Amino acid sequence: MTETTDRRLPVALLALRLGVFIVMIMWTLDKFVQPQHTAGVFENFYGLSGFGPSIFMVLGALQLILVFAFLFGVAKRFSYGLVFLLHGVSTLSSYAQYLDAFNNLLFFAAWPMLAACFALYYLRDQDTLMTWDQLRK
């Protein structure tokens with residue numbers, strides 16, 4: 001890598017991390033603000049039903065921990081990997097929407113985000129800007 005690339009890559013990875021975080025934090029907050037919406041998502045996309053609001057609060061709390069670990073680059077192999085996995089499952093579970101593409105265009109935004117999650121996981125060792133390790137120094 002050239003010196004310019006060495007400086008620019010962490011900035012680009014931070015931008016990706018912030019972009020993915022924005023989506024993930026809204027999905028997380030949705031579990032607290034609209035648990036009935038989350039119940040509908042679980043039923044329609046994952047075939048899981050019968051859960052009360054309290055389970056979504058617990059899932060939301062766990063997801064909140066994960067999303068902030070991801071934001072600050074804590075345990076990157078785990079946090080980036082889990083975000084990539086969760087978003088991958090979410091993206092693939094929406095397969096029916098892709099079959100009716102022009103009535104579900106917004107679902108296609110999941111694919112570039114999945115690519116961003118992959119890039120962050122794959123390049124996690126180069127993602128050093130504003131991470132927990134850097135902030136502790």
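Before moving on, here are some points about what is shown:
- Summing charges over all other residues whose Cβ lies under 14 Å from the Cβ of T128, with Lys and Arg as +1 and Asp and Glu as -1, gives +3.
- Cα centroid of segment 17-48 to Cα centroid of segment 53-107, whole Å: 8
- Pair F51, D125: separation of 7 Å Cα→Cβ label points (nm): 3.6
- Prolate/oblate/rounded call for the chain, Cα gyration tensor, a/c under 1.5 rounded: oblate
- Here the extension length gained between D100 and A61 equals 10.7 nm, from 0.36 nm per residue of separation less the Cα-Cα distance.
- Sites R8 and A115, calculated FRET efficiency, Cβ-Cβ separation with R0 30 Å, nearest 0.05: 0.95
- Relative to the Cα centre, the charge distribution of the chain, modelled as +1 at Lys and Arg Cβ and -1 at Asp and Glu Cβ, gives a dipole magnitude of about 380 debye.
- Computed packing ranks the peptides 37-50, 73-86, 112-125 as 73-86, 112-125, 37-50, most packed first, by mean other Cβ atoms within 10 Å.
- Coupling constants for segment 104-115 follow from the phi torsions by the Karplus curve (6.51 cos²θ - 1.76 cosθ + 1.60, θ = phi - 60°), and in residue order they are 9, 4, 5, 5, 5, 5, 5, 5, x, 5, 4, 4 Hz; glycine and proline get x.
- 3J(HN,Hα) from dihedral phi, segment 55-65, Karplus parametrisation 6.51/-1.76/1.60, rounded to Hz, x for glycine, proline: 5, 6, 5, 5, 4, x, 5, 5, 5, 4, 4
- Less than 5 angstrom separates the built amide H of G73 from those of W132, all sequence-distant by 5 or more or on a different chain.
Coordinate-derived values only; no laboratory data. The structure presented is a predicted model; accordingly, all values stated were derived computationally and were not measured. Using ideal geometry, Cβ is built from the backbone for each residue, glycine included, and neighbour counts are taken over all protein chains shown.
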